[in-house]
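Colleague: This is the structure I have questions about; it appears just below.
The values are calculated or read from the model by the stated rules, or taken from the named source; none is laboratory data. Computed from a predicted structure; not experimentally measured. Because the Cβ atoms are built from the backbone with ideal geometry, glycine has one as well, and the counts that use them run over all protein chains shown. Heavy atoms of the whole protein, side chains included, go into the accessibility calculation; ligands, DNA and RNA do not. Shrake-Rupley method; radii C 1.70, N 1.55, O 1.52, S 1.80 Å.
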Amino acid sequence: MDVQLPFSLLLLLLMTIVSLVHFCGDSHGNVFWGVSMAAIEGDKESYVGPNHFGIDPDFVVNITIFHINELNYTKGDIANMDTADVFGDLYFDLRAYVDSIACVNGSSHWIPDCTNPEIDSTNLGITEVVVEVDKRFTNYSRCNEVDGSYSCNCVPGLDCTNHVGREDVAVAHRPEVPSNFFPDFMWWRYNLAQYFGGYWYSFLQKGQCGSKSTSNGTHPCFWRVVDVRDRIRKNCSDVIIKSAVEEHNPACFQACEQPRNSSSPCWISCFFSTLMGASSSHKVYDPEESMDKSILFNAFTLPFHTTSHASHVVDVVTPLSVSQQERSMKKNALRPPHRQYQWGNIVCPSV
């Protein structure tokens, strides 16, 4: 004998199935049918594509960052480290150009950079990394290397979560206007932050996808490395950046007793006067007197996007001497058609 269910019961059963089955999509835009993880787990936001407690797909973005540190560290490992975008890294990099006059016997009461291994080491690299992050950033943490290991601390008075930390360089340093009696290098450092701007990022290991604290299925994660594009030696990058500024105002540098000695007061003064104007040594810089930032952007990123057109390779193991720097800038017949400067011919090998 056939048993027929009442229509109302069939309707109730159908509604129950629909509530469990829904049209799903993953973080890459692929669409599929699936069972609601909210119904199974009781927490819809804990499900991201095929991973539980991952980066929330509603807030996921990719960012390209750069990190300067010693070459003995694993390429692409940024856990408990500070990084930056192009302009943020240029600020960190170029502010150290004053160290030869600011630091005395390896230390100075003016600046902390004199004893920073990410600045004063002779074996530094710059790594370009693409990171998938939760764009709900938290306050920036100060992550520093001490005795061969990195650790992070939140700025006193601020709260830092396990999200990626971010700091607007110009805004963060704007209150630090030097007094009139401060030396020129303090004004240059201050003005660099306002000139370049950019962002600094901090990546706490506690927030990394797959770390011990996030892989046990009880905590969400907020960042993961998706691509390690390249790593070059920092002193090779310095050759390109310094040459780009020198070519912009050759008369000033040629007037120095040692035109290519980047540690001399004359060269340093020419460099920052060319970059941000002559008045940048004693007051807030005037954008009208400054170089176009795009020149510095191109000089910094050039080694990471080298093509076969490039004609001069600088394979730097030790810091370049003045004579080596001069030789590296000699004209080559094979100049990339899209490069109008000599520094556009320089190639930094991957390390």
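Colleague: Under 5 Å between amide hydrogens, which residues at least 5 positions from ASP230 or on another chain qualify, with H placed 1.01 Å from N in the peptide plane?
Modeller: Counting only residues 5 or more places away or on other chains, the set is GLU128.
Colleague: For every other residue with a beta carbon closer than 15 angstrom to the beta carbon of ILE268, add +1 if it is Lys or Arg and -1 if Asp or Glu, then tell me the sum.
Modeller: Values: positive: ARG95, ARG189, LYS242, ARG260; negative: ASP93, ASP99, ASP113, ASP184, ASP238, GLU246, GLU257.
Summing Lys/Arg as +1 and Asp/Glu as -1 gives -3.
Colleague: What does the convex hull of the alpha-carbon atoms of region 217-279 project to on average, in nm²?
Modeller: Working: hull surface 31.1 nm².
Averaged projected area of region 217-279's Cα convex hull equals 7.8 nm².
Colleague: According to the square roots a ≥ b ≥ c of the eigenvalues of the Cα gyration tensor, what is the shape class of region 137-179, taking rounded for a/c under 1.5, prolate for a/b larger than b/c otherwise, and oblate for the remainder?
Modeller: oblate
Colleague: For region 272-283, take each phi angle, set θ = phi - 60°, evaluate the Karplus expression 6.51 cos²θ - 1.76 cosθ + 1.60, and give the result in whole Hz per residue in order, putting x for glycine and proline.
Modeller: 6, 5, 5, 5, 10, x, 4, 6, 5, 7, 8, 7
Colleague: So what J values fall out for region 254-268 if you push phi through Karplus, 6.51 cos²θ - 1.76 cosθ + 1.60 with θ = phi - 60°, rounded to Hz, Gly and Pro as x?
Modeller: Computed from phi, the couplings for region 254-268 are 5, 6, 6, 4, 10, x, 10, 8, 6, 9, 7, x, 5, 5, 4 Hz.
Colleague: May I pose another question? Using only Cα atoms, what is the ratio of the radius of gyration of region 62-197 to 2.2 N^0.38 Å? Let's see the in-between values first.
Modeller: Values: Rg = 15.3 Å, N = 136, 2.2 N^0.38 = 14.2 Å.
Working it through for region 62-197, the quotient is 1.07.
Colleague: Excluding ASP227 itself, calculate the net charge of residues whose Cβ lies under 14 Å from the Cβ of ASP227, where each Lys or Arg counts +1 and each Asp or Glu counts -1. Let's see the in-between values first.
Modeller: On the way: positive: LYS75, ARG224, ARG229, ARG231; negative: ASP77, GLU128, GLU132, ASP230.
Charge balance in the 14 Å sphere: 0.
Colleague: Any idea of VAL130's accessible area? Nearest 10 Å², probe 1.4 Å.
Modeller: 10
Colleague: Moving on to the next point. Using the Cα centre of region 115-222 as origin and beta-carbon charges of +1 (Lys, Arg) and -1 (Asp, Glu), tell me which of TYR195, ILE126, ALA170 is placed farthest towards the positive end of the dipole.
Modeller: ALA170
Colleague: Subtract the Cα-Cα distance of VAL284 and GLU70 from 0.36 nm times their separation in residues, and report this length gain in nm to one decimal.
Modeller: Values: separation 214, 0.36 × 214 = 77.04 nm, distance 3.33 nm.
Between VAL284 and GLU70, full extension yields 73.7 nm more.
Colleague: If you put +1 on each Lys and Arg Cβ and -1 on each Asp and Glu Cβ, how big is the dipole of region 230-308 around its Cα centre, in Debye rounded to 20? Each step should come with its number before you reach the end.
Modeller: Working: 7 positive and 9 negative charges, 74 e Å.
That gives a dipole near 360 debye.
Colleague: Apply the Karplus curve 6.51 cos²θ - 1.76 cosθ + 1.60, θ = phi - 60°, to the phi angles in region 200-207 and return the couplings in whole Hz, x for Gly and Pro.
Modeller: 9, 10, 10, 10, 6, 4, 4, x
Colleague: With a sphere of radius 15 Å drawn around the Cβ of ASP99, what net charge do the other residues whose Cβ falls strictly inside it have (Lys, Arg +1; Asp, Glu -1)?
Modeller: Working: positive: ARG95, ARG189, LYS234, LYS242; negative: ASP93, ASP113, GLU118, ASP120, ASP184, ASP238.
Computed value for this residue: -2.
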